[in-house]
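Read through the structure below, which is laid out as structure tokens, and then see the notes.
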Amino acid sequence: MNTKYSLFVVGMMVSLPLMSQETYINADIVTEDLNGTARYVGMGGAMEALGADISTIGTNPAGIGLFRHSMINTSFGFVSQQDAVDFANGNKTNMSFDQIGFVYSTRMGQQSFINFAFNYHKSRNFNYILNATGGLAENSSQNRATYNKAYTAASNGWDIALPNSQGVMTANDDACSQLDQLYFNSVSWNPLISDDFYGRFCYYASDLYRMNRATTGYIGEYNFNISGNINDRVYLGLTIGIHDVHYSDYSEYYERFVSNQEALGGVSIEDSREITGTGYDLKLGAIFRPIEESPFRIGLSIATPTFYDLKTSNYTKMIVDDRNANSETYSSVGMLDIANTYDYQLYTPWRFGLSLGHTIGNYLALGASYEYADYGSTDSRINDGYDWDGYYTSDSDLGMNKHTKAVLKGVSTLKVGAEFKPDDDISVRLGFNYLSPMYNKGAMKDGFINSPGNSYQSATDYTNWNETYRITTGLGYRLDNFVIDLAYQYTQTDGTFHPFGDVLDASNVADAVKVNDKRHQLLMTLGYVF
């Protein structure tokens, strides 16, 4: 390819306000961490039937109904990613403000209470650093996936991309992502090699790739609760939740081209994306003691989808390098960039919970919880206009939702925990969590979906994560009305990273790299009971 004709500096600004989201980014937003008070975390979160901890406001709202006194507390600490290397604005260790809330308890009868509560907690911590390096199969590359789209389109008489009056290739189909558009205007298009329009598409094979990514941000959840009990036997609760999303992602991807006639060395892609917005949901819960003389409890809970209104924006830059014939040094011969911003909606799946709790005297509490959520039912939605109040109306993105159902599946979460009190003022806690895998085997990020949610994509990589394990422990101390709790949490999830997937050509593949997310959290809660 003659770089005189194929590589140039161009800026593209795209505004696509009517869009939906993509499966793998959705998966980050719809999931939650184990976080809250140190007592709750120290017991592995298995307190949905035991109650009397403010963190149950978001898992089983009836747990607030077991409070007999008013209280206020706040939690903070550190989260560290094991084996990570600091990259860009991503640090492997970060301080975290995790929770603040209060409960106001009022007696309505000899054994009945009505309680009101508010709690903020960080339901999702996005901080994660990824580093991956691998090889590629013969004649494989990221830009070949773009070429395969054009080739498939040509074979079917389908104009997937066309030059405008300025000679810039513009995508005119949802199957083309922003990254495809950058490739169309660089290494994937050569007007000199053929008289046939679609014969001018080409690709460059690569033998090595590197990916570095830093994801930062959080989702803050604000919960408002009313709850109470009937004769100390039945406990009911209702929570309204507001979710506040702050997601930021920056990555640098590089592919080294194999030796070629044009002496092109490779391509570098710098991509940054931010997602912000809010959502709301409703949670209902009940706890009951089936045997009047026994403290044994059974808890039930249900949470509606979180209905998100979100905005995403990105800036993506592609740099094509040439190679010095006598060395492995490179210099830029062309740079392109593209930016995009739009609004969309996302509905998370329903969640259902069943829990058990039991106490022995005043020295031992045992809890177990099970929760199920079908992430394959996550609903990506396309904003299609405004209602009479000026809010977006939306329809389900059928193409993207079909892909989501093929990639994601139902997740079962099992939590068990125990609290032992060797003294009235001292508590020792242990907990364990198991989360079944969220991704189906062989799942792939599909860049050829008949969906407008595909057209904003500016990165091709994806990671299929396996099951998650959490081990927790904690200590508590009470001095008069003051309470201090400490907790430690270790979380591990292993996964497989892919720099791209090509649904059109199974031979266009890169090495899959084993990655993991190992996190250590230290948490402290300070509280006052009155």
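3J(HN,Hα) along the range 519-530, derived from phi through the Karplus expression 6.51 cos²θ - 1.76 cosθ + 1.60 where θ = phi - 60°, amounts to 10, 10, 10, 10, 9, 10, 10, 10, x, 9, 10, 8 Hz, with x in place of Gly and Pro.
Exceedance of the 18 Å cut-off in Cα-Cα distance is limited, within the set Lys402/Lys441; Lys122/Lys421; Lys149/Lys445; Lys149/Lys402; Lys402/Lys445; Lys405/Lys445, to Lys122/Lys421; Lys149/Lys402.
Amide H contacts under 5 Å for Ala205: Val258, restricted to partners 5 or more places along the chain or on a different chain, H placed in the peptide plane at 1.01 Å from N.
The slack in the chain from Phe116 to Asp207, taken as 0.36 nm per residue of separation less the alpha-carbon distance, amounts to 26.7 nm.
Sorting the segments 98-105, 86-93 by their mean number of nearby beta carbons within 10 angstrom, highest to lowest, gives 98-105, 86-93. Between Lys405 and Leu479, the simple spin-label model (points 7 angstrom out along Cα→Cβ) gives 5.9 nm. Quotient of the Cα radius of gyration of the range 20-162 and 2.2 N^0.38 Å, N being its number of residues: 1.69. Return the aspartates and glutamates within reach of Lys415: Cα separation strictly under 12 angstrom, same-chain partners fewer than 8 residues apart disregarded; answer none if there are no such residues. Once the sequence-local aspartates and glutamates are set aside, what remains near Lys415 is Glu48, Glu371.
Summed over the residues of the chain and divided among them, the accessible surface reaches 42 Å² per residue at a probe radius of 1.4 Å.
Geometric descriptor of the chain, per residue, is 144 Å³ (volume of the convex hull of the Cα atoms). Distance between the 7 Å Cα→Cβ label points at His358 and Asn139: 6.5 nm.
Taking only protein heavy atoms and a 1.4 Å probe, the accessible area of the chain is 57% carbon and sulfur. Each of the peptides 297-308, 44-55 was scored by the mean count of other Cβ atoms within 10 Å over its residues; in descending order, highest first, they stand as 44-55, 297-308.
The values are calculated or read from the model by the stated rules, or taken from the named source; none is laboratory data. For clarity, every value in this text was computed on a predicted model and none was experimentally measured. As a convention, Cβ positions derive from the backbone with ideal geometry for all residues, glycine included, and neighbour counts pool all protein chains shown. Only protein heavy atoms, including side chains, enter the accessible area calculation; ligands, DNA and RNA are left aside. Shrake-Rupley method; radii C 1.70, N 1.55, O 1.52, S 1.80 Å.
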